[in-house]
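We did not get these values from a lab; they are worked out from the coordinates using the rules stated. Since this is a predicted model, take the numbers as computed values, not measurements. Counting neighbours? That spans all protein chains shown, and the Cβs are built from the backbone with ideal geometry, glycine included.
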Amino acid sequence: MKTRPQIVGTPLERIEDHRLLTGKARFVDDIHIEGMLHAAIVRSPVAHGLLKGVDTQVARRMPGVHGVFSAEDIARDFGGVVPRIAIRAIRIPELEPIEQWAIATKKVRYVGEPIAVVVADSPAEAEDAADQVTFEIESLEPVTGWRQSAAGTSPLFDLPVTNRAITYTAIKGNARDCQGAYTRKERFRVQRHSGFPMETRGLLAVWESNAQRMTVYGAAKVPFFARRTLAAAMRLPLDAVDMIEVDVGGSFGMRGEFYPEDFLVPFASKRLNRPVKWIEDRRESLLGSNHSREMESELEIVCEANGRVLALRGSVAVDAGAYVRAAGVIPGRFVALMLSGPYDIPNIHVESVLYLTNKAPVGTYRGPGLFEADFFRERLFDCAARDLGIDPVQFRRVNLVEESQMPYRLATLDFPEETDELDSGNYRATLDQCMREFGWQEKIGLQGRLIDGKYNGLAVGCFIDGGAGGLKEHARIELENDGQVTVYVGSASVGQGLVTILTQIAADALQLPVERIRILHGSTTYLKEGVGSGYSRSTVMGGSVVLLAVEELKRRMRDAAAKKLGCSPDEIKFERDLVMTAGEKKLGWEQLGSLGLAAEVEFVNHHHTFAYGAAAAHVAVDPRTGKVDLIDYFTLEDLGRVINPLTARGQAVGAAVQGLGGVFLENLYYDADGQLLSGTLADYMMPTATDFPSVRAEAIGLCPSPHNPLGAKGGGEGGVIPVGGVIVNAIAAALVTMKIDPKELPLTPEALWSLIQSADGRSSV
Amino acid sequence: MLVTLCVNGEDSTTDVLPRTTLVDFLRHSLGMTGTHVGCEHGVCGACTVIVDGDAVRSCLMLAVQANGAEIMTIEGLADASANLSPLQEAFHRHHALQCGFCTPGVLMTAHALLRQEPNASKERIREVISGNLCRCTGYMPIVDAIFEARSSYQPASPATRARGR
Amino acid sequence: MKLPKFDYVEPTTALEAVTLLSQSRGLAKVIAGGQSLIPTMALRLAQPALLIDLRHLESLRGIAVDEAGLRLGAMTRWREIQDSAEVLDTHPLLVEAVRHIAHYQIRNRGTVGGSLAHADPAAELPCIAVTCGASIRVLGILGEREILADEFFLGPLATALGDDEIILEVRFPRWPSSRQWGFQEFSRRQGDFALAGVAIFYDTDNSGRLENAHVGVFGVGQCATRLSGVESALNGRTNTISVAAEVARLAAAEVTPSDDLHASARYRRALVAVLLERAMALARGERA
């Protein structure tokens, strides 16, 4: 049989690109519907206070204004209660009292919390009127850090009575009683920062009063969950609500979760019986889209003298912000669950405490909890290796999980009980390959050397990258009359190249050219049920359900062909281009196309995948200014099976640069009053093209995942995970003569300069 | 106020409020939504368009200030039959875009640069592109793509001659 | 982040502009390139009732070089300075400083007059103007006057410009071709405002001793300023590594920075010292 060359595994240039390159894409703000109005949100300027009253009278009379709604107006429609924003991930009853209200009711708890919604003919008029909404807030003591939160002098809620939202504990073996030749306890801290895609959030809600239907454009990431949440909040039947996914300008975890505006805008549309659009502006994005990453840990490592790690124990304080939102518990859970990373650590006891503060609520940001865990662990490892006089690479080598230990069980977490297993991998081989391709041997002679006024340093670190989250994905497949195959899939596109990946998978399975495959995704109009993207799931879950769908379609085609040819379905064989044969007999899709063959399938998966890898960095530090040049950075990740090396590498490089932003630049900085000082993109500093010009990445398919038919592992987040640990270890290695051990991010030039100033082993600089 | 300008070779006269920025004017008055808004305070570069030959941030310019100007947006980069320009082709080949939201602004910046400096070095390209934020790619492929597209901007190149603007 | 409402006029003469300005009783703002004003308005930190756009004032455009020195019209864009071979010859320090201003797209719109009038303490041009002893020619309802750069900048975003005055041009004294100079700035990212910056130049006598030393700093105080203590310490000496190190310490002591979100005063002092040493090295001819 003639087969088509495999497309999976080749660097197919993206199918998505043409529209995006020519300005023909359709992002949510590109949609214009006749009669559409525009919303602006009035936000609390106070971090913590009692909301005594909101006066909308003046605003209502402003030019172009159609409506102004406060909590009171909204509660009136819902039997006196303001709906709340349901937690999506790991909702337990204990957390329900701290879910966010769609609009502030009696209290404001962070600067930026919605107080009122103004709807007007134009965005400018809506903003003009929003400026005229007045309110009375009686200030309370703002809680701006976890220590102050723990002190409990200013509780955010009546219930729970303390500001501790929840404590998760990850346990394995008996870490508490574990003793070893060497122990070291350290504190580490990661600052608040987040994904902030280039496209801010936004939605266009269209209420049709005749049909009593709500259609929302601009859904992303998890449209089916958003539909359930909105339907429940608005007390509409599920099938009266649809979420339409248009082009999405990045998510990184942040975009697509359910936010207050995702209720407020549809509410306004229904009340006014007009389409209402709201596009978050950048200031609102920085103030109110999910923040992430802010954690402080106190961890102790217990080792044998040869560097074998016996235990990790301690606690992590997570600054969770004012409420627990959709996926707000994830970073705090993952930091504990996956603290051991790719290493075989027999004893673990880590408590992760989520503290409520008067800052924006947190959510997930690419590699949630894992970026933080890696920074904590890899820093601690280098400190221990140095104390023990062991080469840091060797230290890692002796502790990596071995291939023969797979599947390898991680610690067990509570509330609810959860554990996980590393599925497959040859961790040492990947570390070795990373060092080879990085050029470790050639560069190691530079370690600690002062060249042209700069100290050179190198480090390598290892990581795991959990993927394929969520139990299911759904798809429907149709053989069209023109021989095209259309696959509707529950996965969502957030800019990662979903269509290209799924097309490659479908093309190989169907033995069709890519032009004959059409992938439609995300919107709730395509499927009865679906999940979406996030937790590095769309390649594995979306790809696997596409494979299932193709199998099911082929089965039906076989049945139909068997009838036509008068043979048993088992005798039918597929050749390329949907040609079927049975012995000498042959049948083309043309003879089946009018039968309207279609199938709806679901893929169920109870196992996460664990991509893994290693990253290495070479830095040069100017000791006089604290400025760090990144000379070279290489990250290697085993994705089990690489569907598209071009997009896999793109994900890794992009994620690494985001990680570098987190290490050096990005900081959501609050003052003691709870005001966000980094409220513009001039102050919230994202990496630019000149900052980190030498980042390299490669994806390999060394050890397939045993848990899905593709053998693939989710890999969109691995690029970001090791960055903090590797970079700061390289800096510490550069400054080893000064005994500098940075323990906090961001490592700004000033922060590093300050450490150098106060270092005891300081050489004359 | 009446504003007359020429966008991608087409003249138009439109009544706008002075407070309308050029980007809002292009997107919502003219319906040319290829140019994007990323920050509205002049940092991200997503709204970059070419005004009288120079790349500018269209969120930092009022529509009334563009009265009489010749403007090129992303919609004018590919030819009439939507064939990608060599610059766009290079972005496609190098995977220099992921979500594509910043891409129109990046392309406009690069197009203006290469028309003015067809021999721009990688360092110069990187410096110029530092005025455009991209959250997906890490910039490496963007710089490579622009560098590769230089050949099509050389004075003798047929692409440059064909695309007179 | 939509701009608040305002009226907009495009005067065609400078006199018309200042007349409109004086009639507005402080409610109008002049817009040149708008690269600082428009974001300020988008954040609704400024809500002028009237914008007076100078874009049609041809007399405010252009670069001129004569015996007295270099003149830059207020509406001259950064880009034009960078493109001018004449400015590179006649004022290399200025061109080097302009290279550090913001980004490509901003430099295509931002103007000399706009930067001077905005008077950001971390901006490059005010420092070059102060360091070089430039003067700023302005027009008001009562006529023209010329203000020394030193007296023009009064503090953060504050200048000696009257409510009815606009900037016509800035004049830089002649720059001898033998002059030694150096420029250094430290910012978090390319194009960001400086955490600290240093501009220096000096002439030398026959024996290589420094005379006419000018040392200006920016980003480290209320406004760009010259360091007279450092200048006195330099005149009559030669630019050696040890002299550079010595004056660097003086500079750190002479500046008066304050703490803000981006850097502490202590760090800014340290930066000034390092940057001055490096600017001195550049002036010696040690181009990196």
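Structure summary
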{"item": "Label-point separation in nm, A:ILE33 to C:LEU27, each point 7 Å along Cα→Cβ", "result": "4.0"}
{"item": "Lys/Arg +1, Asp/Glu -1 at C-beta; segment A:206-296 dipole; positive extreme among A:GLN212, A:GLY253, A:ALA231", "result": "A:GLN212"}
{"item": "Mean separation of Cα contacts under 8 Å, 6 or more apart, over the residue count of segment B:2-76: relative contact order %", "result": "41"}
{"item": "A:LYS107, A:LYS185 arranged by Cβ crowding within 10 Å, fewest neighbours leading", "result": "A:LYS185, A:LYS107"}
{"item": "Length-normalised contact order for segment C:58-173 - Cα pairs under 8 Å, 6+ apart - percent", "result": "28"}
{"item": "Dipole axis of the protein assembly as shown (+1 Lys, Arg; -1 Asp, Glu on Cβ), positive-most option in C:VAL9, A:ILE171, B:GLN65", "result": "A:ILE171"}
{"item": "Dipole magnitude (debye, nearest 20) for segment A:164-219, charges at Cβ of Lys, Arg, Asp, Glu", "result": "480"}
{"item": "Segment A:400-474: trypsin sites (Lys or Arg not before Pro) falling in loop per DSSP and having at most 13 other Cβ within 10 Å", "result": "A:ARG449"}
{"item": "Using a Förster distance of 30 Å, the FRET efficiency for C:ILE141-C:HIS56 (Cβ separation, nearest 0.05)", "result": "0.95"}
{"item": "For chain C: relative contact order, % (alpha-carbon pairs under 8 angstrom, 6 or more apart)", "result": "15"}
{"item": "Cα gyration tensor shape for segment A:1-158, rounded if a/c is under 1.5, else prolate or oblate", "result": "oblate"}
{"item": "Neighbour-count ranking [beta-carbon atoms within 10 angstrom, fewest first] of A:PHE188, A:PHE267", "result": "A:PHE188, A:PHE267"}
{"item": "Under 17 Å from the C:ARG284 label point (7 Å along Cα→beta-carbon), backbone N, segment C:221-240", "result": "C:234-240"}
{"item": "Chain A: C-alpha gyration tensor shape, a/c 1.5 cut-off, then a/b vs b/c", "result": "oblate"}
{"item": "Neighbour-limited loop hits for trypsin sites (Lys or Arg not before Pro), segment A:215-257 (at most 15 other Cβ within 10 Å; DSSP other than H, G, I, E, B)", "result": "A:ARG235"}
{"item": "For residues of A:744-755, the mean tally of beta carbons on other chains within 10 Å", "result": "3"}
{"item": "Listed peptides A:108-114, A:738-744, C:43-49 by packing density, highest first (mean Cβ within 10 Å)", "result": "A:108-114, A:738-744, C:43-49"}
{"item": "Cβ neighbours within 10 Å from other chains - mean over B:24-30", "result": "2"}
{"item": "Average beta carbon contacts from partner chains per residue of C:255-266, 10 Å cutoff", "result": "2"}
{"item": "Test item: Cα-centred dipole of segment C:58-173, Lys/Arg +1 and Asp/Glu -1 on Cβ, debye", "result": "360"}
{"item": "Backbone N under 18 Å from the A:ARG19 label point (7 Å along Cα→Cβ), restricted to segment B:26-56", "result": "B:32-37"}
{"item": "Residue with peak Gaussian network fluctuation, chain C [Cα springs, cutoff 10 Å], from C:LEU37, C:LEU234, C:LEU54", "result": "C:LEU37"}
{"item": "Net lengthening on full extension, A:GLN405/A:LYS586 (0.36 nm per residue, minus Cα-Cα)", "result": "60.2 nm"}
{"item": "Rough spin-label spacing in nm, given labels placed 7 Å along Cα→Cβ, for A:ALA598 and A:ASP577", "result": "2.7"}
{"item": "In order through segment A:189-205: 3J(HN,Hα) via Karplus (6.51 cos²θ - 1.76 cosθ + 1.60), integer Hz, x for Gly, Pro", "result": "9, 10, 7, 5, 7, 7, x, 6, x, 5, 8, 6, 5, x, 7, 10, 9"}
{"item": "Distance-filtered residues of segment A:580-607 - backbone nitrogen under 17 Å, label point 7 angstrom along A:CYS567 Cα→Cβ", "result": "A:580-592"}
{"item": "Dipole magnitude of the protein assembly as shown about its Cα centre (Cβ charges: Lys, Arg +1; Asp, Glu -1), debye to nearest 20", "result": "1420"}
{"item": "FRET E, pair A:GLN484, B:ALA82, Förster distance 25 Å, beta-carbon r, rounded to 0.05", "result": "0.75"}
{"item": "In sequence order, calculated HN-Hα J values of segment B:137-144 (Karplus, 6.51, -1.76, 1.60; Hz; x Gly/Pro)", "result": "8, x, 6, 3, x, 5, 5, 4"}
{"item": "Computed E for C:SER207/C:THR256 - FRET, C-beta separation, R0 35 angstrom, nearest 0.05", "result": "0.50"}
